[in-house]
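Asks: Structure below; questions to follow.
The values are calculated or read from the model by the stated rules, or taken from the named source; none is laboratory data. The structure displayed is predicted, hence computed values, not measured ones. Here the Cβ is made from the backbone with ideal geometry for all residues, glycine too, and neighbour counts use every protein chain on show.
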Amino acid sequence: MKNLIRLFLILLIVSASVGLHTSCSEDSDCSITGRAMINCTLYALEMDGNTIKEVHKDTLDSLTVTALGTDSIIINNQKKVHTLMLPLRYTKDSTILIFHYAYLADPTLCDTIRIKQNNIPYFESMDCGYSMKQSILGLSHSKIELDSIYILNKQANTDGTENLKLFYRYRD
């Protein structure tokens with residue numbers, strides 16, 4: 001009988017410690033899918049001289065996006081692009097993205113977007129360590145194909161909220 005009670009107590013202690021361990025641990029997603037991004041939607045501007053005639057959603061035939069100063073290819077020859085999810089650098093206060101358009105006759109013609117951002121580290125969890133809250137402070141860009149950019153929401157996010165509207169000149 002004493003052995004049965006001891007066995008019961010041992011099982012009770014083991015199951016309690018396992019239950020305590022699983023209740024304290026979180027199912028943390030520390031992968032890149034949990035990283036906040038800048039979400040962009042592409043729009044076309046139909047112009048009549050210097051006046052905007054119409055604005056509608058746009059699709060680029062092909063797009064490659066690289067980050068200046070790195071060997072990162074963020075988007076590699078993606079077809080039928082109408083939305084983008086772009087990361088911001090953790091280690092610098094600005095991110096420079098280069099948009100390469102396959103449909104341009106000269107491959108050296110590309111648009112450059114420089115995003116000035118605020119990086120604020122915060123402790124996420126014991127499993128994931130520190131993460132970064134990032135927000136757009138301002139931006140500038142070239143005007144090869146890209147006409148203008150409107151900042152809709154400055155805070156990088158994981159929920160797909162639109163941050164930037166990228167306006168392109170209408171192409172036939």
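Asks: Looking at the stretch 120-172, which of the residues that are β-branched (Val, Ile, Thr) and over 30 Å from residue 51 (Cα atoms) is nearest to the chain's Cα centre (by Cα)?
Replies: Pass one, the stretch 120-172, residues β-branched (Val, Ile, Thr): 120, 136, 144, 149, 151, 158, 161.
Applying the additional criterion that residues be over 30 Å from residue 51 (Cα atoms) yields 120, 158.
On the way: 120: 16, 158: 7 Å.
Across the stretch 120-172, the extreme among qualifying residues is 158.
Asks: So in the stretch 94-115, with the set limited to residues that are surrounded by 13 or more Cβ atoms within 10 Å (Cβ to Cβ) and charged (D, E, K, R), which one is farthest from residue 162 (Cα to Cα)?
Replies: Selected residue: 111.
Asks: Working carefully through the options 135, 131, 140, find the one that is surrounded by 14 or more Cβ atoms within 10 Å (Cβ to Cβ) and out of contact with any Phe, Trp or Tyr (no Cβ under 9 Å at 6 or more places or on another chain). Reasoning before the result, please.
Replies: Numbers: 131 fails: out of contact with any Phe, Trp or Tyr (no Cβ under 9 Å at 6 or more places or on another chain); 140 fails: surrounded by 14 or more Cβ atoms within 10 Å (Cβ to Cβ).
Testing whether each residue is surrounded by 14 or more Cβ atoms within 10 Å (Cβ to Cβ) and out of contact with any Phe, Trp or Tyr (no Cβ under 9 Å at 6 or more places or on another chain) leaves just 135.
Asks: Here's another thing I want to ask about it. Quick check, is residue 88 hydrophobic (A, V, I, L, M, F, W, C), farther than 30 Å from residue 54 by Cβ and touching a Lys or Arg at 6+ places or on another chain (Cβ under 6 Å)? Quick ask: steps written out before the conclusion?
Replies: On the way: hydrophobic (A, V, I, L, M, F, W, C): yes; farther than 30 Å from residue 54 by Cβ: yes; touching a Lys or Arg at 6+ places or on another chain (Cβ under 6 Å): no.
No; evaluated as a whole, the condition is false for this residue.
Asks: I would also like to ask the following. If you go through the stretch 123-134 one residue at a time, do you hit one that is modelled with pLDDT of 95 or more, in contact with an Asp or Glu (Cβ under 9 Å, 6 or more places away or on another chain) and in a strand (DSSP E or B)?
Replies: There is no residue in the stretch 123-134 that is modelled with pLDDT of 95 or more, in contact with an Asp or Glu (Cβ under 9 Å, 6 or more places away or on another chain) and in a strand (DSSP E or B).
Asks: Give the residue that is farthest from residue 74 (Cα to Cα), with candidates limited to residues of the stretch 88-106 that are in contact (Cβ under 8 Å) with a residue 40 or more places away in the chain, of a type in the set (A, V, I, L, M, F, W, C) and in a loop (DSSP other than H, G, I, E, B).
Replies: Among those that are in contact (Cβ under 8 Å) with a residue 40 or more places away in the chain, of a type in the set (A, V, I, L, M, F, W, C) and in a loop (DSSP other than H, G, I, E, B), it is 104.
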